[in-house]
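Structure first, then comments.
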Amino acid sequence: MTPLELWTYSIVGATFAIYIGIAIWARAKTTGEFYVAGGGVHPVANGMATAADWMSAASFISMAGMLAFGGYGASVFLMGWTGGYVLLALLLAPYLRKFGKFTVPEFIGDRYYSQSARVVAVICLILASTTYVIGQMTGIGVAFSRFLGVTYEMGIIVGMGIVAIYAILGGMKGITYTQIAQYVVLILAYTIPAIFIALTLTGIAIPQIGLGGNYLGEGGGISLLDKLDQVVTDLGFKQYTTQVMGSTLNMFVYTLSLMIGTAGLPHVIIRFFTVPTVKDARYSAGWALVFIALLYTTAPAVGAMARLNLMETIQIGEVGSPTGNLVYDERPDWFKRWETTGLLKFEDKNGDGRIQYYNDANADFAAQAESFGWQGNEMVTVNNDIIVMANPEIARLPAWVIALVVAGGLAAALSTAAGLLLAISSSISHDLLKGVMMPRISEKSELMAGRLAMIGAIVLAGYLGFNPPGFAAGTVALAFGLAASSLFPALMLGIFSKRANNVGAIAGMISGITITLLYVFQHKGIFFVSGTEFLMPEIGMGEDWFFGISPNAFGAVGALVNFTVAILVAKVTAPPPEAIQHLVEDVRIPRGSGTAVSH
């Protein structure tokens, strides 16, 4: 066993032992503990658990990969997710906590005085959360395949088993305290390698500052970002610091979709029901933002430095020179290990035994590449999701740092997967079973139903994870779009509009999520099944995007449709009962406030 394998098995094994030990210690014995951890979690602890729940595989594993290959344009993920959390903390969390219900569908059912509205909310929640879990399974597959040296598919199967053990056993109580431990692991795993790499490349220990520092390697004397721009443009790629994702409109709508999708995610909202008071909900939201910021401000540096390290590992000399490219047989060990997973693939197209990695879709550069004897980009697969996991190996950091990153990636994916699975199971057992179909079910039977629902959700998510509709961050963006188009408008109108009624809410949710799903399925395949992308040409736009808006960003359009339909339908139908209108006022206005009086 190599030192790296020994460190990896030791650190990952120790963290798993801690997670499972916590789940056994904090095993849920009541539905209150299973759904909301008994409602007694300290705000700081809940803030840390919320951060771990929030920073999924998409944040830890995939976001820096998006930034590495998407450049400036991928900052929509940073802006959208962070801005969305602020939106959630200010506009939704305190009011939903004051309402005092276990789940988002329960709030919608009571606020809109309709079991039908509750059922529609459950369906929307399951669609959004299941899509989100696919993204986590993608991350779990990446991390476990690297950790165990197995295929991506086998990595998913192993991950499903680990999630099942502690999520089903502990419920929200076990998940909360497990997520606190997972946050500590993931933030150390993210920042420690970033510090090492920033010191190596710029001599500055703080990665956020190092990103703007000067490059110390060969050809230095210029800033790190200027060096990266030079390296990527020399190989026909777009300039890193000016690269964008589609049109300006797409960038704006993408950011908006991620923001309002964040605020509509049930697995994050439910975390604010675990604290004792509304005041604690506000405090825990603030603490969560602090904990989230530690990773999110580091991600741009990790992405940029990883891209530079990867390019310079392969392009070892002058572009076009006979010895400028890495000899395949002399590739480093990390390259070989990632090839085993299938997430990194090389194809020697010109038979010279060297690796040519360039943008062969760039027509201007193609002629130049041909003159070098190159016959196409030979790195046929460089999965975005491997960047963070491979970065310490590419930078030749100590084995214990590499092992820590593996543990961190697993912690990020597992923590969010557990939260999502709980949201799915509670919506089925608490909202559908107890709330609609079997209101007299015993607490013990409801708890069992919740655990069985979680098993079903794990199996479904694992199956879909074998053929995800994209890399982890892209898949998660789809989930955010579904939440944005369905749940967010219903929650916002439910809190801030006394006129919003049940008919409008139901019509809005159905229309918003339907138009979003149709657009996504048209471009991503029906239920993400490859080859079915164009089965509905009569309602789609073929290969074209509507006003240049990508499927991952379409949730904001669906939300606009939802708001419009809900408001218009409410205007032409009966207003809510007076008791519901008073309830809205009571939730939104602090106790003891009233009209001003003269003195």
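The values are calculated or read from the model by the stated rules, or taken from the named source; none is laboratory data. On a predicted model such as this, the values are computed, not experimentally measured, just so you know. Cβ atoms come from the backbone with ideal geometry, glycine included; neighbour counts cover every protein chain shown. Side chains are part of the model used for accessible areas, which takes the heavy atoms of the whole protein and leaves out ligands, DNA and RNA. Shrake-Rupley method; radii C 1.70, N 1.55, O 1.52, S 1.80 Å.
Looking only at segment 111-125, filter to residues that are open to solvent by 50 Å² or more (accessible area, probe 1.4 Å) and assigned to a helix (DSSP H, G or I); which one of those is modelled with the highest pLDDT? Give the derivation first.
Let us first name the residues in segment 111-125 that are open to solvent by 50 Å² or more (accessible area, probe 1.4 Å), namely 113, 115-116, 123.
From the residues that got through so far, the ones that are assigned to a helix (DSSP H, G or I) too are 115-116, 123.
Values: Q115: 86, S116: 90, I123: 87.
Only one residue fits best here, namely S116.
Output yes when any residue across segment 550-573 is touching a helix residue (DSSP H, G or I) at 6+ places or on another chain (Cβ under 9 Å), of a type outside the set (A, V, I, L, M), modelled with pLDDT of 90 or more and part of a loop (DSSP other than H, G, I, E, B), and no when none is.
Within segment 550-573 (the criterion being touching a helix residue (DSSP H, G or I) at 6+ places or on another chain (Cβ under 9 Å), of a type outside the set (A, V, I, L, M), modelled with pLDDT of 90 or more and part of a loop (DSSP other than H, G, I, E, B)), the answer is yes, since at least one residue qualifies.
Go through I108, I134 for me and flag whichever is closer than 20 Å to L487 by Cα, under 12 Å from the mean Cα position of the chain (by Cα) and open to solvent by less than 20 Å² (accessible area, probe 1.4 Å).
Numbers: I108 fails: under 12 Å from the mean Cα position of the chain (by Cα).
Of I108, I134, the one residue that is closer than 20 Å to L487 by Cα, under 12 Å from the mean Cα position of the chain (by Cα) and open to solvent by less than 20 Å² (accessible area, probe 1.4 Å) is I134.
Using beta carbons and a limit of 7 Å, which pairs, at least six apart or on different chains, have the first residue in segment 574-599 and part of a loop (DSSP other than H, G, I, E, B) and surrounded by 13 or more Cβ atoms within 10 Å (Cβ to Cβ) and the second one aromatic (F, W, Y) and at pLDDT 50 or above?
Close Cβ pairs satisfying both conditions: P576/Y113.
Of the residues that sit in segment 327-368 and are at pLDDT 90 or above and of a type in the set (A, V, I, L, M), which one is least open to solvent (accessible area, probe 1.4 Å)?
I355
If a residue must be over 26 Å from L518 (Cβ atoms) and of a type in the set (V, I, T), how many such residues does segment 91-146 contain?
Residues that pass the stated criteria total 3.
Conditions (1) open to solvent by 10 Å² or more (accessible area, probe 1.4 Å); (2) more than 29 Å from I441 (Cα to Cα); (3) of a type outside the set (V, I, T); (4) in contact (Cβ under 8 Å) with a residue 40 or more places away in the chain, marked per residue:
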| position | (1), (2), (3), (4) |
| --- | --- |
| P392 | no, yes, yes, yes |
| V405 | no, yes, no, yes |
| L410 | no, yes, yes, yes |
| A417 | no, no, yes, yes |
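Yes or no, residue by residue, for (1) among the acidic types (D, E); (2) under 22 Å from A121 (Cβ atoms); (3) under 20 Å from the mean Cα position of the chain (by Cα):
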| position | (1), (2), (3) |
| --- | --- |
| A413 | no, no, yes |
| L420 | no, yes, yes |
| A423 | no, yes, yes |
| E443 | yes, no, no |
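Among the residues of segment 484-503 satisfying the criterion of being more than 22 Å from the chain's Cα centre (by Cα) and part of a helix (DSSP H, G or I), which is nearest to T573 (Cα to Cα)?
Going through segment 484-503, the residues more than 22 Å from the chain's Cα centre (by Cα) turn out to be 490, 492-503.
Within this subset, residues satisfying the condition of being part of a helix (DSSP H, G or I) are 490, 492-496, 502-503.
Details: A490: 17, M492: 19, L493: 16, G494: 16, I495: 19, F496: 18, N502: 10, V503: 8 Å.
Across segment 484-503, the extreme among qualifying residues is V503.
Please state which of the following conditions G212 fails to meet, knowing it meets all the rest: (1) modelled with pLDDT of 80 or more; (2) in a helix (DSSP H, G or I); (3) out of contact with any Asp or Glu (no Cβ under 9 Å at 6 or more places or on another chain).
(2)
Among all residue pairs at least 6 apart or on different chains, which show Cβ distances below 6 Å where the first residue, located in segment 62-85, is at positive phi and the second is at pLDDT below 85?
G71/Q243
What number of residues in segment 82-103 are open to solvent by less than 10 Å² (accessible area, probe 1.4 Å), in a helix (DSSP H, G or I) and either among the aliphatic types (A, V, I, L, M) or within 14 Å of H267 (Cβ to Cβ) (or both)?
Residues meeting the conditions: 6.
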